[in-house]
Amino acid sequence: MPEVRGRMTAVTGPVAALEDVAAVSLLHDGDDRELLAVASDRFLSGPELRAVVAAAGVHPPDRVVVVPARSAGALNHVDAILADPAAAVYDFRPPRDDLERSLCAIWQETLEVDAVGVEDDLLDLGGDSITVMEIALRVQQHTGVELDLADVFEAGTVRALATRVADLRGPGAPGADRPDPT
C-alpha cells in the first residue's frame, strides 16, 4: 500500500501545485488504466498536465480528464467524471508505426515537449504559425513530402498528419500501408 500512496502523491503533487487547480485525484478507469482527474476553471490540456508530471520525474498516466472546479467533489468517482458534459478527456496514444514515431519526434523537438501522443492536439501543445512552418520543413526533410501550413494546421494531430503524408507519398511508398486508425 505505501507504494500506491507514493505513486499517487508523486503524480498528483505537481499538478495540485499548479495555479487554479481546485482538486486532483489519481484513479483507475474501467479498463484498469490510471486516470488523472483534475478540477480547474483554467484551461489545462492533457499534454500540459502529462508534462508537469513527467517534469517531476514520474511516468504520467495515459488518461487525463479535466473538469470544471465546480465538479471537484466528484473526482473520486470515475463514472461521474467521464459523464460530465464539460469534461475534457485526453487519452495518450503512442505511435503505431515508423511514420507516426518520426512525426512524434519532430513535434516533440519543434514544440519542445517531452512526449507527444498521436492524438494530442497541435494547438494544445503550443503550436503556432512559426512552429507549424518548422514542422512542415522538418517533415519535408525527413519524408520528402512537401506540406503547406494548411496541411499541418488542418491535420491538427500526428495521426492525421501521418495519414496526409502517406496519402501524398502515394501507394507503395514507405508509410503508405498504415494501420487502420480505429
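The numbers here are math on the coordinates, done by the rules we state, and not lab data. Quick caveat, the model's predicted, so the values are computed rather than measured. Counting neighbours? That spans all protein chains shown, and the Cβs are built from the backbone with ideal geometry, glycine included.
Compare Ser71, Ser40, Ser129 in a GNM of the chain, Cα atoms joined below 10 Å, and give the one with the largest fluctuation.
Largest GNM mean-square fluctuation: Ser129.
If one computes P(r) from the Cα atoms of region 101-144, what percent of pairs lie at distances over 15 Å? It would help to have the intermediate numbers written out before the result.
Numbers: 313 of 946 pairs.
Considering region 101-144, 33 percent of its Cα-Cα pairs are separated by more than 15 Å.
For Ala23, which sequence-distant residues (separation of 5 or more, or a different chain) have an amide H within less than 5 Å of its own amide H, given hydrogens modelled in the peptide plane?
Ala39
Could you work out the per residue convex hull volume over the alpha carbons of region 44-103, in cubic angstrom?
Values: hull volume 7.0 nm³, N = 60.
Convex hull of Cα atoms, per residue: 117 Å³.
Pick out which of Asp120, Asp151, Asp91 has the largest mean-square fluctuation in a Gaussian network model of the chain, springs linking Cα atoms closer than 10 Å.
Result: Asp151 has the largest fluctuation of those listed.
In whole Hz, with x marking every Gly and Pro, tabulate ³J(HN,Hα) for region 25-39 from phi via Karplus 6.51 cos²θ - 1.76 cosθ + 1.60, θ = phi - 60°.
So the J values, rounded to whole Hz, are 8, 10, 10, 10, 8, x, 9, 6, 9, 5, 10, 8, 9, 10, 10.
Say we join alpha carbon atoms closer than 10 Å with springs in a Gaussian network model of the chain; which of Gly46, Gly117, Gly170 then has the biggest fluctuation?
Gly170
Using a Förster radius of 41 Å, what is the FRET efficiency between His77 and Ala105 based on their Cβ-Cβ separation? Nearest 0.05, please. Working shown, then result.
Numbers: r = 38 Å, r/R0 = 0.92.
Efficiency for this residue pair is about 0.65.
Tell me, Kirkwood radius of the chain from alpha-carbon pair distances, in Å? The partial results should precede the final answer.
Values: mean 1/r = 0.0573 Å⁻¹.
Radius from the Kirkwood sum: 17.4 Å.
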